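Let me begin by presenting the structure, written as C-alpha cells, before commenting on it.
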Amino acid sequence: MAEIKTKNFLASSQMAIKDPQLRQALEKVGTGFDGARREAIEEISEAKWEEWRLKAREIKEHTIENLDYYLDMLYTNVTKAGGHVHFARDDNEANAIVSKLVEANNIQIATKSKSMVSEELGLNGVLESLGVDVYETDLGEYIIQLAGETPSHLVAPALHKTKGQVASLFQDKLGIPYNEDIEAMAKTAREILRDKFLNADLGISGANFLVAETGSLVIITNEGNGRLCTSAPRIHIGITGMEKVIPSLEDLATFLRLLPRSATGQRLTSYVSIVTGPRRVTDEDGPEQFHLIIVDNGRSKMLADPKLREALYCIRCGACLNICPVYQKVGGHAYGWVYPGPIGSIVTPNLTVLQNAKDLPFASSLCGACREACPIKINIPRMLLNLREELVQPNSNANSTSKFSEDIAAKSYTKLMKHPGILKLGTMILTGLQKPFLKGGVISSVPIPPLSIWTRSRDLPKLPDKTFHQIWKDSLKDNQDNNG
Ligand code: SF4
C-alpha cells in the first residue's frame, strides 16, 4: 500500500500554507478548474444540468445497491470477450496478481496511464522490485514520477508544481536546457515516451467506468496515452476499484456528459476509449491478453455502512477539491494519502485507519460547496459529520483536547445567547479590546491563544462599530420619528 502520512495533516498543512510556490501553483484551482466548470454548466442551462445530475445519482444508487449482481454480469461479459477477471481483497492480493502475471510473461518494460488505484496499491514500487522499468505516460504523472512524488489532485497530479519547477526538474532529470515553455516541455516528454510505448510488453491502466452489459473498460483522457497503453503492448492489465461498475453503455452516456464538465470544464475529453477484451483474430492490433483486476481494499466496509455508502458513488472528477477552501490553501499532499480534498477526507479514513486520519473529517468548514459542486450530489458534509461523530464517541480516544475546547466554546455560546445583558457587555469590551490589533480594517495578528492560532494564517474581520441590536433600535426610532 502507498505510504500513509495522514497523522501529519496539521503539521503538513501548516507547512503548505507557508510555501509561496505552492500558493502560486494552487491559484489555478479556483479560477482555472472551478471557473471552467461553472462556464460549462452555464452553457447548457441549470435545469438540464440538474436533470443529468439526478440521472447519474439514480444510476449510481441503483448499481451500488446491486453491486454483486453487476459485478457478476461484468465478470461473465469480460470472460465472454476473452478477458480474465481477478478479484483482489486488498493491496497485497492485487499486487500479487500483477506480480504473477509479470513473472509468467517475462515483462521488462511497462507503460502506465493514470490510475489512482495503482497509487493506492503502491504498484510502481512492486513492479520496480521485480526489475520492471515502469513509465507513467500521463504528462502530470510523468512529472511526479521524475520528481519521486505522489499525485496531489485527482485529475491534475502535478498541480502543486509551477512551470518553473517543472522546467528545473526536466533540466535535472532529463539533461535538457532550462525552458519554461509548456509546449516545449510537453514535446520533450512525448519524444521520450514514444519510444517506451513502442517497446513496452505491458500496459497498465485504471478505469473511469466498467460497463457490465458489454464487459468493457472505459478510460477518458486528453493526451491519448491511455489508448497507447491499452493497445500497443502485448498484455493489458486494467486495475480499478469495484465501485466503478455501471450497468450499460446508455448509462455511460450520462457520465460522459458530467465528468469532463465537472473536472476541467470540457464538453468532452479528447479521447474516450472503450476496451472490450483482448485483440480478436480479425483485429489489426491490440493486446494478446486482457486482465481486469477489481480491487476491494476497504470498499466493502463502506458498502456495508449505510452512512458512508454514498462515498462509493464518486467518479473522481475533482470538482469538490477545486471548490474547497481548505484544499485551495493546503493542496493535496497535506492530506497524507492518495485521495485528497473533501471526498478524500471521507475515503481515506475508511480505506486506511480512522484513528490515524482523525484530523481529516475536521478539515472542512462544512460550507457545503463540495456538495453543490458534486455532479453526483454526494452529501459530503453529512458524511464528514458522521465521521466526526464516530471520532468523538466516549470510547474513542481521538481529539480529547478539541472535544474539551469545543465543549467550553458551546457552553459559553449558550450562556451568551441566553443572557442579552452579558452579550451586550461582552461585545462592548471586545470592540474596545480589538483597537490595538486593527490594521487596514482587519485584525491580522493577535498574540493571545486561541486567536493567535487563527490569525497565524488568516485575518479576522473587524467587529462593526454598531451591533445588530443598535442598528435595529436606531431604525425603529427613525421610523417612529418619521411617522410621528
Ligand atoms: S465527491 Fe463528487 S465532486 Fe468530489 S471527486 Fe467525487 S464525484 Fe467529483
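The values are calculated or read from the model by the stated rules, or taken from the named source; none is laboratory data. Model, not experiment: these values are computed from the prediction. All Cβ positions, even for glycine, are placed from backbone atoms using ideal geometry, and neighbour counts span all protein chains on display.
When the residues of segment 437-457 are narrowed to those that are part of a loop (DSSP other than H, G, I, E, B) and either surrounded by 12 or more Cβ atoms within 10 Å (Cβ to Cβ) or among the polar types (S, T, N, Q) (or both), which ends up nearest to the chain's Cα centre (by Cα)?
Step one: list which residues in segment 437-457 are part of a loop (DSSP other than H, G, I, E, B), which gives 440-441, 444-450, 456-457.
Now drop any that are not either surrounded by 12 or more Cβ atoms within 10 Å (Cβ to Cβ) or among the polar types (S, T, N, Q) (or both), which leaves 444-446, 456-457.
Details: S444: 31, S445: 33, V446: 34, R456: 27, S457: 24 Å.
Looking at the filtered set, the residue picked out is S457.
Given the conditions (1) out of contact with any strand residue (DSSP E or B) (no Cβ under 7 Å at 6 or more places or on another chain); (2) among the charged types (D, E, K, R); (3) under 30 Å from D195 (Cα atoms), and given that R227 satisfies all but one, which numbered condition is not satisfied?
Of everything listed in (1) out of contact with any strand residue (DSSP E or B) (no Cβ under 7 Å at 6 or more places or on another chain); (2) among the charged types (D, E, K, R); (3) under 30 Å from D195 (Cα atoms), R227 misses just condition (1).
Every residue in segment 345-369 that is within 18 Å of G331 (Cβ to Cβ) and among the charged types (D, E, K, R), please.
We begin by selecting, within segment 345-369, every residue within 18 Å of G331 (Cβ to Cβ); these are 345, 347-348, 357, 359-360, 362-365, 369.
Scanning segment 345-369 gives a single hit, D359.
For segment 236-245, indicate whether the set of residues that are of a type in the set (S, T, N, Q), more than 14 Å from the ligand (Cβ to nearest atom) and within 16 Å of the chain's Cα centre (by Cα) is non-empty. If you could, list the steps in order and put the result at the bottom.
Within segment 236-245, the subset of a type in the set (S, T, N, Q) is 240.
Narrowing further to those that are more than 14 Å from the ligand (Cβ to nearest atom): 240.
Next, from what is left, pick out any that are within 16 Å of the chain's Cα centre (by Cα): 240.
Yes, the conditions are met somewhere in segment 236-245.
Please indicate, with yes or no, whether at least one residue in segment 386-394 is at pLDDT 80 or above, at negative phi, within 23 Å of the chain's Cα centre (by Cα) and within 16 Å of the ligand (Cβ to nearest atom).
yes
Based on what the data block shows, is P342 assigned to a helix (DSSP H, G or I) and near the ligand (Cβ under 10 Å from one of its atoms)? Quick ask: steps written out before the conclusion?
On the way: assigned to a helix (DSSP H, G or I): yes; near the ligand (Cβ under 10 Å from one of its atoms): yes.
Considered against the rule, which asks whether it is assigned to a helix (DSSP H, G or I) and near the ligand (Cβ under 10 Å from one of its atoms), P342 comes out as yes.
Would you please name the residue that is surrounded by the most Cβ atoms within 10 Å (Cβ to Cβ), looking only at residues in segment 458-484 that are modelled with pLDDT of 80 or more and basic (K, R)?
Residues of segment 458-484 that are modelled with pLDDT of 80 or more, as a first pass: 459-482.
Next, from what is left, pick out any that are basic (K, R): 462, 466, 473, 477.
On the way: K462: 16, K466: 12, K473: 12, K477: 10.
Looking at the filtered set, the residue picked out is K462.
Could you run through segment 222-252 and say how many residues are among the small types (G, A, S) and closer than 22 Å to C320 by Cα? Let's see the steps before the verdict.
Step one: of segment 222-252, the residues among the small types (G, A, S) are 224, 226, 231-232, 238, 241, 248.
Checking the rest, the ones that are also closer than 22 Å to C320 by Cα come to 241.
Residues meeting the conditions: 1.
Quick one: which residue in V347, V353 is in contact with a Ser or Thr (Cβ under 9 Å, 6 or more places away or on another chain) and either away from the ligand (no atom under 11 Å from the Cβ) or modelled with pLDDT of 95 or more (or both)?
Numbers: V347 fails: in contact with a Ser or Thr (Cβ under 9 Å, 6 or more places away or on another chain).
Residue meeting the stated conditions: V353.
Can you work out which of the residues in segment 139-161 that are in a loop (DSSP other than H, G, I, E, B) and among the polar types (S, T, N, Q) is surrounded by the most Cβ atoms within 10 Å (Cβ to Cβ)? Spell out how you get there, then give the answer.
Applying the first criterion (in a loop (DSSP other than H, G, I, E, B)) to segment 139-161 yields 148-161.
Retained after the next criterion (residues that are among the polar types (S, T, N, Q)): 150, 152.
On the way: T150: 19, S152: 26.
Step by step, filter segment 139-161, then rank; the result is S152.
Taking R257, is it within 16 Å of the ligand (Cβ to nearest atom), farther than 20 Å from T137 by Cα and either touching a Phe, Trp or Tyr at 6+ places or on another chain (Cβ under 9 Å) or charged (D, E, K, R) (or both)?
Working: within 16 Å of the ligand (Cβ to nearest atom): yes; farther than 20 Å from T137 by Cα: yes; either touching a Phe, Trp or Tyr at 6+ places or on another chain (Cβ under 9 Å) or charged (D, E, K, R) (or both): yes.
Here the answer is yes, as R257 does meet what is asked.
Give the residue, chosen from K307, K329, that is surrounded by fewer than 19 Cβ atoms within 10 Å (Cβ to Cβ), among the charged types (D, E, K, R) and under 24 Å from L71 (Cα atoms). Reasoning before the result, please.
Numbers: K329 fails: under 24 Å from L71 (Cα atoms).
Testing whether each residue is surrounded by fewer than 19 Cβ atoms within 10 Å (Cβ to Cβ), among the charged types (D, E, K, R) and under 24 Å from L71 (Cα atoms) leaves just K307.
So which strands (runs of 3 or more DSSP E) stay within segment 226-331 end to end and still have 1 or more residues that are in contact (Cβ under 8 Å) with a residue 60 or more places away in the chain and within 18 Å of L54 (Cα to Cα)?
On the way: elements: 235-241, 271-275, 289-295.
Of the strands (runs of 3 or more DSSP E) lying wholly inside segment 226-331, none has at least 1 residues that are in contact (Cβ under 8 Å) with a residue 60 or more places away in the chain and within 18 Å of L54 (Cα to Cα).
Tell me which residues, restricted to segment 260-282, are over 21 Å from C320 (Cβ atoms) and within 16 Å of the ligand (Cβ to nearest atom).
The answer is none; no residue qualifies.
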